[in-house]
Structures are given as C-alpha cells and as structure tokens.
Amino acid sequence: MLVVSKKKSSTFTGDVLVVPVVQADDCLATLDPLFQDILERPVKNNDFSGKEGDTCLVYPDNGLSCTRLLFVGLGEDIHERESFRLCGGVVAQNIRKLKGETVGVVLDSFGDVLADAAEAFAEGLLLGGYSFDRYKKPKDDGPVPVKKVTFFAGSDAGVVRKSVKRAEVAAEIGAVARNMANEPGNFWTAAEFASFARNLSGQNVKTTILAKKKCQNLKMGGLLAVNQGSAHDPAVVIVEYRCKKKKAPTILLVGKGLTFDSGGISLKPGAGMEDMKYDMCGGAAVMAAMQGVVMEQPAQVNVIGIVPATDNMPSGSAVKPGDVITCYNGKTVEVINTDAEGRLILADALAYGVDKYKPDAVIDLATLTGAVIVGLGHHNTGLLANDDALAERVTEAGAKCGEPTWRLPLGKEYTKQLKSKVADLRNIGGKGGGTITAAAFLEEFVGETPWVHLDIAGTAWGFTEKSYIPKGPSGTGARTLLELIRSWK
Ligand code: BES
Ligand code: MN
Ligand code: ZN
C-alpha cells in the first residue's frame, strides 16, 4: 500500500526510511539538516556521493525514530524521470534484502520536479519489487512483502498523491504484462488471452472474441494458416474502450499473441527454444495497456486492442513452405518460411482492425525478428512507421517511460524484396534488412492509416539490465502505450 503524508519524515517509525540524494559538488546541501549530520561522515570519507545506484545504510541513534536510514544516489540529472525510476528500483532491491515491511520515502526536497520525481520513483519501486513465483514452492526465508510505503511530501501531498496513483497503474500493467509472459506455453494459450480480455469488459468496455469459426468466416487466412498445425484453437481477442465524448479519435493497438513459436515445419533449433513462450509479449503489452485504459477511463480518446493469438506448431496438418494463403484483405502470400509467422497473424489483425474500426492511428507491437537484436541489441525497440508525426509521438512516450526506441527506414526497395513468383507477396524478404522487410510486409495491411510498428524482439526479455527490470520478461510496451494514450491530444 502506498500512502502520502504531510508529516515530517523525522517522525517515521517504520523499518526503513529512504532518502534519495542528488549527486553534486555538495550532495549534502539539499538535505534536511538532520540527514546532513548523519550523512556527513560517509560523504567526507568518500563512501557515498549520490552516484546513481549507490547506497548508504545507517542505523540512526538520535533525532530519528525509524530503524534504518537508507541513502540512495540519484545521479546528477534530476530532470530525467529515469533517475528516479532507477532509484526506486534500487530501493526495492535493498528492501528485499533488509526484509523491510514498512518503508518511508523522503521527497519533500524536490520542489519543481516533485510530480515527476514521485511518479517515477514509485514506478521504479513497484516494478523493482516484481517477482514471479507461481510455480515454486514458497521458501521459509523468502522475501517479505512490503506492507506499507509512506511518501513524505511536505505541503505538496496532493501533487504526490496524483503521481503515486499514476505510478500504481503503470506499474500494475507492467506486472500484468510480465505475468502473462512468464506463464509457460501450456498455461497461456489463445484461450487465456480470451479470458483475460473477458475480465476487462464492463463500463465503456466491450470484449469480443473471434473464435476459429468466425475467423474462417472472415477469411483470416494468415492466422488460420499459422494455427493449422496446432492442437489449440486460435482466437482474435478484441477489447474496445469508448470514451463518452462524441467524435473522439480512435487508437488501435495490435499485439502479436504467439503463445509458442516452434517455427512450425521450418523448425527452430532446439537450444533456447523454450524462450519462444515469450513470443506473445506484444499481445501481453496490448492487453495490459487495455487494462490501464479500463482503470483510467480516458476522456478524450477511444482505444481498441486486438491480439491475434495462436501457437506455431509442426504437424501433418501444418502449413508448409511453398503454400499460398489468402489474408483478410484478399492479398495472397507465398509462405516460404513457416517461422516467419508473426507477420501472417498480424496481417489479418491489422487489416481487420483498420477495416472494422477505421482508427486514426495504429500501433502494433511484436517480437517479430531476430534481426532487430542483431541491429539494435537489447537496448532499443525497433520502430518503423509510415507517418512521421505518429513515430515522434511513440518515440516520446517510450523515452518518458525508460523504453527507448530507434527508428529504421521503410521504402519501396525493401518492399520489392517481398516479391513472389506465384502470389502477391512472399513472407520473407531474403538477405538483409530482416526487421525492415518484416515491417514492409505489415505495411501492406494497414493501407493509408498512420501506423507505427514496434519490433520488441530484443527488449521484451533480456532487456537492458536495470534495477527495476527483472531478468526475464520486461513488460516492455505496456507503459509506453499507456503514456501515449494519457498524453493523446
Ligand atoms: N518470434 C520470432 C522472432 C524472434 C527471434 C524473437 C528471436 C525473439 C528472439 C519470429 O517469429 C521469427 O522466427 N522470425 C524469423 C524470421 C525469419 C524466418 C525471416 C527470424 O527472425 O529468424
Ligand atoms: Mn517464428
Ligand atoms: Zn514468432
């Protein structure tokens, strides 16, 4: 539980009182005199300088009633939200070690950056406390969950309260996306995506599940082809949020919900194949973002989330290299490699979404290509777009959330790599530019609608090591989408 207090932080009687400290020539200057006294010796002895990630633990014996004092370095730039988010993550890690149940955070010295500081810190704290233990026997000496966090905000308690609320929603949807991704492939199939979406329906929110029969009627040949070798039915999972305002813009979010990617007949190598349970992280981000939308009920914008969901398995009935399929929009595709399946299921979802909902903007997220890891590593999401303004918006939202993106080009030369001898398109682009040709394929299914594609194959798991990002799935995309929606004008 997160609460905000107007009291003086020196009155805090809990387990750990956290003091974020800015790195500066005199890092003591901005602190309350009480903390200055205590931190003076560590600073004089060069044990602490406020450097990002550094900590100093003290057991105070006068003037304070808390059990422990934890000074945490913010680094130099307090105008970066990321500094506070990382700081919150470091605190989460330390609290886990200290088994602190009641935590206080001193924020009353951050004046003009307070709103952002409190939000980012709370986000980092909550995201950094994440763990997935569902399939493990609980340990006797395991982590003790934090019971209560009190933010000491002085007279600005109202501002901080609002910030903390925003952070709670953002962190929750981050955790929701991580939870879905952490679920093994046998427990997270298209049916689980569907029941998650059903649970979101309610005020201003409508859930529609297009089951296999309906996909057949709608001629979603891409999704059906990928699903052909599977023991589980596919689904197109749709969550529709409509605000009260008439004539509000509509944003369409589409996420790749590939619940396990074996590669199909073009089977992947065995080593590391277990990670392909994460091939639904785009879908997880979209459904998690929809949960955020449902919680916050934005007033200015309609948001539609669509997740095409299936696994990709080899079998006697599976789609084969050389097969020709017809997608929802009538375009035919020669399947050269059954492992390039994400673009086939997205093709149907994008074309259907654009056709049915006539959105003003489309953003899709997908663990689409290994090539994006070759190009950008694990530190940037690949961004491709047919619209500069929308690309700018998504980039800005990502930057604000600590989820950086890097734009790659599109162009007719790349599209040409998708030419097929027998069909309108083939599903792979041949040598070079794998991330771009994959996006160029998707581009064929969005028409003129402004569209951004995010290739999260490098960032959905194994993302840049950060205090608030765990080792497994990062939940990337969920918070960026929520930020985009919150700031949509
Ligand atoms: N899901 C994979 C992409 C992927 C690979 C994500 C590694 C994360 C880590 C996608 O379906 C795929 O298999 N893509 C192929 C495309 C190729 C056959 C053109 C790839 O990247 O190898
Ligand atoms: Mn694949
Ligand atoms: Zn895949």
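The values are calculated or read from the model by the stated rules, or taken from the named source; none is laboratory data. Just so it is clear, the structure is predicted and the values come from calculations on it, not from any experiment. Because the Cβ atoms are built from the backbone with ideal geometry, glycine has one as well, and the counts that use them run over all protein chains shown.
Does residue 38 fit the bill of being buried (at least 17 other Cβ atoms within 10 Å of the Cβ) and over 37 Å from the mean Cα position of the chain (by Cα)? Full working, then the answer.
On the way: buried (at least 17 other Cβ atoms within 10 Å of the Cβ): yes; over 37 Å from the mean Cα position of the chain (by Cα): yes.
Criteria met by residue 38.
The number of residues in segment 180-208 being of a type in the set (Ser, Thr, Tyr) and not assigned by TED's automatic domain parsing to the domain that holds residue 283 comes to 0.
Each residue in segment 454-472 was checked for being away from ligand 2 (no atom under 16 Å from the Cβ) and either under 23 Å from residue 442 (Cβ atoms) or not assigned by TED's automatic domain parsing to the domain that holds residue 287 (or both), and 3 of them qualify. Select, from 238, 251, 265, the only residue that is modelled with pLDDT of 95 or more, within 12 Å of ligand 2 (Cβ to nearest atom) and in the same structural domain as residue 316 (by TED's automatic domain parsing). Only one candidate passes the filter, namely 265. When segment 346-399 is limited to residues that are acidic (Asp, Glu) and not in a strand (DSSP E or B), the one that is nearest to ligand 3 (Cβ to nearest atom) turns out to be 348. Evaluation of residue 276 against the conditions (1) aliphatic (A, V, I, L, M); (2) assigned to a helix (DSSP H, G or I); (3) away from ligand 1 (no atom under 16 Å from the Cβ) shows that the sole unmet condition is (3).
Condition first: among the small types (Gly, Ala, Ser) and within 10 Å of ligand 1 (Cβ to nearest atom). Now tell me which residues in segment 331-360 satisfy that. Within segment 331-360, 340, 342 qualify. Between 332, 326, 250, the distinction of being more than 13 Å from ligand 3 (Cβ to nearest atom), in contact with a Phe, Trp or Tyr (Cβ under 8 Å, 6 or more places away or on another chain) and of a type in the set (S, T, N, Q) belongs to 250 only.
Within segment 241-262, the residues that satisfy the criterion of being within 22 Å of the chain's Cα centre (by Cα) and surrounded by 22 or more Cβ atoms within 10 Å (Cβ to Cβ) are 241, 251, 252, 253, 254, 255, 256, 257, 258, 259, 260, 261. All conditions but one from (1) under 22 Å from residue 194 (Cβ atoms); (2) within 13 Å of ligand 2 (Cβ to nearest atom); (3) touching a Lys or Arg at 6+ places or on another chain (Cβ under 6 Å) apply to residue 233; the one that does not is (2). Listed conditions (1) at pLDDT 95 or above; (2) in contact with a helix residue (DSSP H, G or I) (Cβ under 7 Å, 6 or more places away or on another chain); (3) surrounded by fewer than 20 Cβ atoms within 10 Å (Cβ to Cβ) are all met by residue 48, apart from (3). Per the conditions (1) within 26 Å of residue 471 (Cα to Cα); (2) under 27 Å from the mean Cα position of the chain (by Cα); (3) surrounded by 17 or more Cβ atoms within 10 Å (Cβ to Cβ), the sole criterion not satisfied by residue 107 is (1). Screening residue 102 against (1) surrounded by fewer than 24 Cβ atoms within 10 Å (Cβ to Cβ); (2) modelled with pLDDT of 95 or more; (3) of a type in the set (Val, Ile, Thr); (4) in contact with a helix residue (DSSP H, G or I) (Cβ under 9 Å, 6 or more places away or on another chain) leaves a single unmet condition, (4). Return the residues of segment 448-475 that are part of a loop (DSSP other than H, G, I, E, B), in contact with a helix residue (DSSP H, G or I) (Cβ under 7 Å, 6 or more places away or on another chain) and of a type in the set (Val, Ile, Thr); say none if nothing qualifies. Passing the criteria: 449, 456. In the set 271, 318, 340, only one residue is within 16 Å of ligand 2 (Cβ to nearest atom), assigned by TED's automatic domain parsing to the domain that holds residue 192, without any contact (Cβ under 8 Å) to a residue 12 or more places away in the chain and of a type in the set (Gly, Ala, Ser); that residue is 271. One residue is enough: does segment 321-344 have a residue meeting the conditions in a strand (DSSP E or B), of a type in the set (S, T, N, Q) and within 21 Å of residue 489 (Cα to Cα)? No, segment 321-344 contains no residue that is in a strand (DSSP E or B), of a type in the set (S, T, N, Q) and within 21 Å of residue 489 (Cα to Cα).
Entry remark, segment 134-158: residues being more than 18 Å from residue 468 (Cβ to Cβ) and loosely packed, with under 15 Cβ neighbours inside 10 Å number 14 in total.
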